[in-house]
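The values are calculated or read from the model by the stated rules, or taken from the named source; none is laboratory data. Just so you know, these numbers come straight off a predicted model, no measurement behind them. For neighbour counting, all protein chains shown are included, and Cβ atoms are generated from backbone atoms with ideal geometry for every residue, glycine included. Surface accessibility is based on the protein's heavy atoms, side chains included, excluding ligands, DNA and RNA. Shrake-Rupley method; radii C 1.70, N 1.55, O 1.52, S 1.80 Å.
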Amino acid sequence: EPEVTQTPSHQVTQMGQEVILRCVPISNHLYFYWYRQILGQKVEFLVSFYNNEISEKSEIFDDQFSVERPDGSNFTLKIRSTKLEDSAMYFCASSLDRDLGYTFGSGTRLTVV
Amino acid sequence: DAKTTQPNSMESNEEEPVHLPCNHSTISGTDYIHWYRQLPSQGPEYVIHGLTSNVNNRMASLAIAEDRKSSTLILHRATLRDAAVYYCIPNDMRFGAGTRLTVKP
């Protein structure tokens, strides 16, 4: 069964450093999402992406965050200057159509120290 | 945004059916109702989705009320592996708190 692949599985970074979280969606999918989940809390929507542009973003997705689909296969989330409160699991999801089910990756655990 | 309401938690015995309810009274007429679950220490996993008709797949069944203001996810025979948080989500793909399902042996 096709999978959404996220790398790395765990990243530790110093506060103030830039991080790039990588996702390889399922190859023919067109709709992409990033979510985060702080330990013990709910899954929070960050951003949705379609047709090479952001469709929607939440209030969490401020100027420190950006997304790119640089080469038609990867889908990246960049955090420019990480803060301690950015420590969380980050999940990528993709779908062929917004009315169909989404496939989620296994997540990247980001730890900011 | 459509809002959903689910019980915080439910318990079931292993090998018994489980009915997980969701109220979505403000859902738009064209929004699908999606169900996902999150097993401990894993990412969300798609379970099932539907628009108006009841739906079945290998994981579960989805019963949608005629007025579309509520739906019920049905696990026909709960297993220990079904212990998870279950989320009912409209098309906007915003997760709420979900229902934590505990399955007792």
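Side notes on the structure shown:
- Every residue from the stretch B:65-86 that is in contact with a His (Cβ under 9 Å, 6 or more places away or on another chain) and open to solvent by less than 20 Å² (accessible area, probe 1.4 Å): B:Ser71, B:Leu73, B:Leu75
- Within the stretch B:1-55, the set of residues being open to solvent by less than 10 Å² (accessible area, probe 1.4 Å), modelled with pLDDT under 95 and away from chain A (no Cβ under 13 Å) comprises B:His24 only.
- Hits in the stretch B:67-97 - residues which are in a loop (DSSP other than H, G, I, E, B), of a type in the set (S, T, N, Q) and out of contact with any Phe, Trp or Tyr (no Cβ under 6 Å at 6 or more places or on another chain): B:Thr79
- Selection from the stretch A:63-97 of residues that are within 12 Å of chain B (Cβ to nearest Cβ) and buried (at least 16 other Cβ atoms within 10 Å of the Cβ): A:Met89, A:Tyr90, A:Phe91, A:Cys92, A:Ala93, A:Ser94, A:Ser95
- Lone unmet requirement of (1) assigned to a loop (DSSP other than H, G, I, E, B); (2) in contact with a helix residue (DSSP H, G or I) (Cβ under 6 Å, 6 or more places away or on another chain) for B:Met59: (2)
- Top-ranked residue in the stretch A:98-111 [being under 18 Å from A:Ser9 (Cβ atoms) and open to solvent by 20 Å² or more (accessible area, probe 1.4 Å); ranked as farthest from the chain's Cα centre (by Cα)]: A:Thr111
- Scanning the stretch A:21-59 for residues that are within 17 Å of A:Ser9 (Cα to Cα), away from chain B (no Cβ under 11 Å) and open to solvent by 70 Å² or more (accessible area, probe 1.4 Å) yields a count of 1.
- Only one of the numbered conditions (1) of a type in the set (A, V, I, L, M, F, W, C); (2) open to solvent by less than 50 Å² (accessible area, probe 1.4 Å); (3) under 23 Å from A:Gly40 (Cα atoms) is not met by B:Leu62, and that is (3).
- Any pair with Cβ under 8 angstrom, 6 or more apart, that starts in the stretch A:1-20 at a residue that is over 23 Å from A:Tyr102 (Cα atoms) and ends at one that is among the hydrophobic types (A, V, I, L, M, F, W, C) and open to solvent by 50 Å² or more (accessible area, probe 1.4 Å): A:Val12/A:Val113; A:Thr13/A:Val113; A:Gln14/A:Val113; A:Met15/A:Leu84; A:Met15/A:Val113
- Lone unmet requirement of (1) open to solvent by 30 Å² or more (accessible area, probe 1.4 Å); (2) within 13 Å of the chain's Cα centre (by Cα); (3) within 13 Å of chain A (Cβ to nearest Cβ); (4) of a type in the set (Val, Ile, Thr) for B:Ile89: (1)
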